Amino acid sequence: MPAYQLPQLAKPPKTKKKQVLMVTSGDLRLSANQTCWEAQKAMEESLSQAVAAAGYKLVRAHPYKEDEKHGFIASQKEGMCVFAGIDPDAKLIVAEAVWQYSHHVLAGLLSHKGPILTVANWSGQWPGLVGMLNLNAGLTKAGKKYSTLWSEDFTDEAFLGNLKKWLETGSVRHPTKHVTPWKKVKVPVAAAERRLGKSLAQQLRREKAIMGIFDEGCMGMYNAIIQDELLNPMGVYKERLSQSALYYETTQVSDDEARAVRKWLDDRGMTFVTGPNPETDLTGDQILTQCKMYVAALRIADDFGCACIGIQYQQGLKDLLPASDLVEGMLNNTDRPPVKSRDGKRVLYEGEPLVHFNEVDECAGLDGLMTYRVHKAMGQPVENTLHDVRWGDWDLSGTVDDYVWVLLISGAVPPAHLVDGWKGASSERQPGMYFRFGGGTLKGISRPGEIVWSRVFVEKGKLKMDLGRGGVVELPPEETERRWKETTPQWPIMHAVTYGTSRDQFMARHKANHIQVVYADGPREADRALLAKAAMADAMGMDVAVCGTRKNGKAWS
């Protein structure tokens, strides 16, 4: 027989009976991992105590890195190496107090045979909740079984009880009685909303639409990529564009064109918080470059006939240009600076937004396109955006009795969503640990009103959509400032209430770090807009569910 050289595979050590392994995924950016490490360390200490109280020992599966000053898994390759050296049958907890890149650990989790539990601290400081929801969505898309828990300090009775159950059985489930399948929602067959949704789905299938993708797969968000085989039958096709092309096109925009955009913003009353130091302050040059990127994005979208676009920007582009957040907020607004074609003969996308999905989240892009078409047909506000599900808390001022979510997007919302519109909008420099070349955000406080929230996600090889009703409430300035200080004060904020859906019900069901929101003119209009979009999604072939209740507490079924 031939003598082949067979690989020698090391046998991972077996964990002891009462041991539980723990891994933690972090950012790709060293500055972010170093800044956020102390919060992660504190969370792990509290979690270890909770596990010990249940009679088990939490064992870190990878070490603290003295040379890098943090203990996160910081790349996909590092994650593969960590998982190759651990017991594949062990109980495993993924603990997150920070934003993390899911692909750092996804490969290892998919091949892991033991029970998996994702855990996040209920804190707005560093978005661990956002990171955990993203990882959960990725595992859901991949069809990997997992359990999930969250807690403010890991001492509450609910958390400890569920943790003990998982340690003993390897599984814990949460009730989701607030979810109503679309087929059980009472909408007459001849209802105008059902007919509208079906007609819009038929139009999309026949005429089709192009989704512009400026580099797929932002920050390891596996959940945010829709397979072409799922997307194309609905009539939506990707135009795979490059951030390099966006960079080049940005350099081709003249200073005069950029200054015209800036003047338009100034004339509308937008405030720019600037300073002299580009390493710590927002500067005029950064803003001017962002205005050039805005022009460039519209021209490239027009070149390819895109109905919506998404810019990855967190990686790659951040090493070339200021952040794209100001650009994104402008694009998503109907009232925005006009941009002409290169020959000066046409105003591009005149009188309408160019739907943009932050962090090239394709699920949000599909949702945003659908939302725009539904609301346009109904005569409702068309501006919509995604937000991070960043955090939530009771209103400490006592103004609002409901639980109030803190929805934050990483820098940009359409000014139509803000109190006083453009006059209520300001721009501050993006945090340096994420964006070394700075760039301004589009910040403000979302105005009170009725909203429809939604999320498209992939599960069991199918596209699905959850929708719900909610409201944006007004909080006193001091309560708003408290929430900003607990999160990221440079970013726009929405004080949201989800009707008929509690905090824990939402967390148990939601399959994404992002949530899509759009305003309607009133409660009835919002209910009808929800039904029309749900009908459209159903006609497009999605599995649809409605969460919670109407504003008056009435069920949908």
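List of remarks:
- Loop-resident sites, segment 344-406, for trypsin sites (Lys or Arg not before Pro), counting at most 16 other Cβ within 10 Å (DSSP): LYS345, ARG346
- Between the amide H of THR487 and any residue lying 5 or more places away or on another chain, no distance stays under 5 Å, with hydrogens modeled in the peptide plane.
- Cα pair distances in segment 199-276, grouped into 10 Å bins until the bin that holds the longest one, percent each: 14, 26, 26, 27, 7, 0
- Distance in nm between pseudo-label sites at THR399 and LYS77 (7 Å out along the Cβ direction from Cα): 5.1
- Phi to ³J(HN,Hα) by Karplus 6.51 cos²θ - 1.76 cosθ + 1.60 over segment 491-500, Hz, x for Gly, Pro: 9, x, 10, 10, 8, 10, 10, 9, 5, x
- In summary, the lysines within cross-link reach of LYS184, defined as a Cα separation below 17 angstrom excluding same-chain residues under 8 places away, comprise LYS464, LYS533, LYS554.
- Segment 1-60 - Debye-derived log10 I(q)/I(0), Cα point model, q = 0.20, 0.23, 0.26, 0.29 Å⁻¹: -0.87, -0.97, -1.05, -1.15
- Pairwise centroid distance, computed over Cα atoms, of segment 429-455 with segment 210-264, Å: 19
- When a 1.4 Å probe is rolled over the protein heavy atoms, the share of accessible surface on segment 267-350 that falls to carbon and sulfur comes to 47 percent.
- The spacing between segment 300-352 and segment 70-85, judged by their C-alpha centroids, is 37 Å.
- Farthest positive-ward along segment 458-557 dipole, Cα basis, beta-carbon charges - from ALA520, GLY468, PRO489: GLY468
- Rounded to the nearest 10 square angstrom, MET507 shows an accessible area of 10 square angstrom against a 1.4 Å probe.
- Phi angles of segment 124-131 translate, via the Karplus equation with coefficients 6.51, -1.76, 1.60 and θ = phi - 60°, into HN-Hα couplings of x, 4, 10, x, x, 4, 5, x Hz per residue; Gly and Pro are given as x.
- Taking all protein chains as shown and a probe of 1.4 angstrom, THR501 keeps an accessible surface of around 10 Å².
- Between segment 356-418 and segment 459-523, the C-alpha centres lie 7 angstrom from each other.
- Among the protein heavy atoms, those of ASP89 account for about 80 Å² of accessible surface (1.4 Å probe, every chain in place).
- Total formal charge among the other residues, if their Cβ is under 10 angstrom from that of ALA520, Lys/Arg +1 and Asp/Glu -1: -1
- For segment 108-211, trypsin sites (Lys or Arg not before Pro) are listed when DSSP marks them as loop and at most 15 other Cβ atoms sit within 10 Å of their Cβ; the list is LYS113, LYS144, LYS145, ARG173, LYS177, LYS186, LYS208.
- Candidate values (1) 178; (2) 150; (3) 219 were compared with volume of the Cα convex hull per residue in Å³ computed on the shown model; the agreeing label is (1).
The values are calculated or read from the model by the stated rules, or taken from the named source; none is laboratory data. The model shown is predicted, which means the values in this text are computed figures rather than measured ones. FYI the Cβ positions are ideal-geometry reconstructions off the backbone, even for glycines, and counts take in every protein chain you see. Accessible surface is based on the protein model in full, side chains and every heavy atom, while ligands, DNA and RNA are left aside. Shrake-Rupley method; radii C 1.70, N 1.55, O 1.52, S 1.80 Å.
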